[in-house]
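Chemist: Please see the structure below; I have some questions.
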Amino acid sequence: MRIAISGTYSSGKTLTSYALAHYVGIPRTRARTMRELLPEAVPGKTLEQCTAAELVQLIVRRHVDRAVHESRFEGSFISDGSSLQEWIYGAVRVIVGINPNDSVHLGEFESVERTPEIQVFEDVMEQLGVAFKQHVRQTYDAFVHLPNELALAADGHRPVNERFRSMADERLLEVAAELGIPAHVVGGGVAERLVEIARIFELPALMAPEEAIARAEAEYQALDMRIESDRASVIVR
């Protein structure tokens with residue numbers, strides 16, 4: 001069973017994927033996050049400072065990193081997100097702008113000005129979507145979709161807002177349906193999620209949910225949470 005934990009920014013994908021791997025004993029794929037890729041791809045910049053072209057580079061880098069790690073598993077695995085999420089995060093920017101926080105004043109059905117940069121970006125994202133959808137259809141058996149029910153983490157890594165999150169959340173489910181991949185929406189606390197996911201896929205629990213969560217939290221705390229400019233300064237020394 002190849003399961004992708006789906007959801008928008010700050011939906012709890014990473015912690016849930018760590019905990020689920022411990023809870024049911026299925027290995028978790030390891031693909032680098034945007035915050036890990038930024039210092040190599042665009043040294044010294046935060047995500048909100050990236051141009052459209054730089055965002056395309058980051059999206060492609062993360063997709064490739066995912067594909068490489070997924071290819072190393074012959075059987076079951078749990079993925080923290082999927083390539084759909086990178087592509088959709090880009091595609092939604094056609095409406096809300098390259099930096100979504102610059103368009104928070106727009107109404108629900110308004111979009112940013114269609115500048116030449118945005119038009120080219122839209123064409124590129126449309127073509128990337130063809131390849132990314134094919135990859136996702138061939139790679140995952142099911143999605144576990146975590147609804148957009150948690151507050152956005154205020155860690156400086158996420159240049160998004162509630163409109164962006166809602167649009168991305170809805171689009172993830174739409175594309176999963178388009179691809180014919182079952183998407184099970186699982187909300188609640190992490191322990192509730194673990195129990196429900198195991199029930200859906202009829203997976204045996206190897207430990208108590210609390211133990212799996214404790215192990216996951218230890219791994220999560222070990223992640224590098226520095227802002228991108230600090231990480232870049234270390235890399236270029």
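Chemist: What residue, among those in the stretch 74-92 that are touching a residue at least 60 places away in the same chain (Cβ under 8 Å) and either in contact with a Cys (Cβ under 8 Å, 6 or more places away or on another chain) or not aliphatic (A, V, I, L, M) (or both), is surrounded by the fewest Cβ atoms within 10 Å (Cβ to Cβ)?
Modeler: Filtering the stretch 74-92 for residues that are touching a residue at least 60 places away in the same chain (Cβ under 8 Å) and either in contact with a Cys (Cβ under 8 Å, 6 or more places away or on another chain) or not aliphatic (A, V, I, L, M) (or both), the one surrounded by the fewest Cβ atoms within 10 Å (Cβ to Cβ) comes out as S76.
Chemist: Considering the stretch 7-35 alone, what residues qualify as being open to solvent by 10 Å² or more (accessible area, probe 1.4 Å), in contact with a Leu (Cβ under 9 Å, 6 or more places away or on another chain) and under 25 Å from S166 (Cα atoms)?
Modeler: Y9, S10, G12, K13, T14, T33, M34, R35
Chemist: Another one. Quick one: S10 ticks every box in (1) under 19 Å from A222 (Cβ atoms); (2) assigned to a loop (DSSP other than H, G, I, E, B) bar one, so which box is it?
Modeler: Tallying (1) under 19 Å from A222 (Cβ atoms); (2) assigned to a loop (DSSP other than H, G, I, E, B), S10 fails exactly one: (1).
Chemist: Follow-up question, since we're still on this one. Taking the condition open to solvent by less than 60 Å² (accessible area, probe 1.4 Å), modelled with pLDDT of 95 or more and in a loop (DSSP other than H, G, I, E, B), does L152 pass? First the steps, then the outcome.
Modeler: On the way: open to solvent by less than 60 Å² (accessible area, probe 1.4 Å): yes; modelled with pLDDT of 95 or more: no; in a loop (DSSP other than H, G, I, E, B): yes.
So L152 fails the test.
Chemist: Same structure again: Is it the case that G97 is within 13 Å of the chain's Cα centre (by Cα) and not aliphatic (A, V, I, L, M)? Spell out the reasoning first.
Modeler: Values: within 13 Å of the chain's Cα centre (by Cα): no; not aliphatic (A, V, I, L, M): yes.
Answer is no for this residue.
Chemist: Restricting to the stretch 155-192, and then to whatever is among the β-branched types (V, I, T), modelled with pLDDT of 95 or more and open to solvent by less than 40 Å² (accessible area, probe 1.4 Å), can you tell me which residue is nearest to the chain's Cα centre (by Cα)?
Modeler: Just the residues of the stretch 155-192 that are among the β-branched types (V, I, T), to begin with: 160, 175, 181, 185-186, 190.
Still in the list and also modelled with pLDDT of 95 or more: 175, 181, 185-186, 190.
Still in the list and also open to solvent by less than 40 Å² (accessible area, probe 1.4 Å): 175, 181, 186, 190.
Details: V175: 14, I181: 17, V186: 16, V190: 17 Å.
Only one residue tops the list, namely V175.
Chemist: Would you check if there is a residue in the stretch 51-70 being on the phi > 0 side of the Ramachandran plot and open to solvent by less than 30 Å² (accessible area, probe 1.4 Å)?
Modeler: Step one: list which residues in the stretch 51-70 are on the phi > 0 side of the Ramachandran plot, which gives none.
No, there is no match, as no residue in the stretch 51-70 is on the phi > 0 side of the Ramachandran plot and open to solvent by less than 30 Å² (accessible area, probe 1.4 Å).
Chemist: Looking at (1) under 27 Å from V24 (Cα atoms); (2) surrounded by 12 or more Cβ atoms within 10 Å (Cβ to Cβ); (3) of a type outside the set (D, E, K, R), which is the one condition that is false for I118?
Modeler: (1) is the only condition that I118 fails.
The values are calculated or read from the model by the stated rules, or taken from the named source; none is laboratory data. All values reported here derive from a predicted model rather than from experimental measurement. For neighbour counting, all protein chains shown are included, and Cβ atoms are generated from backbone atoms with ideal geometry for every residue, glycine included. Ligands, DNA and RNA are stripped out before the accessible areas are found, and what is left, the full protein with its side chains, is counted by its heavy atoms. Shrake-Rupley method; radii C 1.70, N 1.55, O 1.52, S 1.80 Å.
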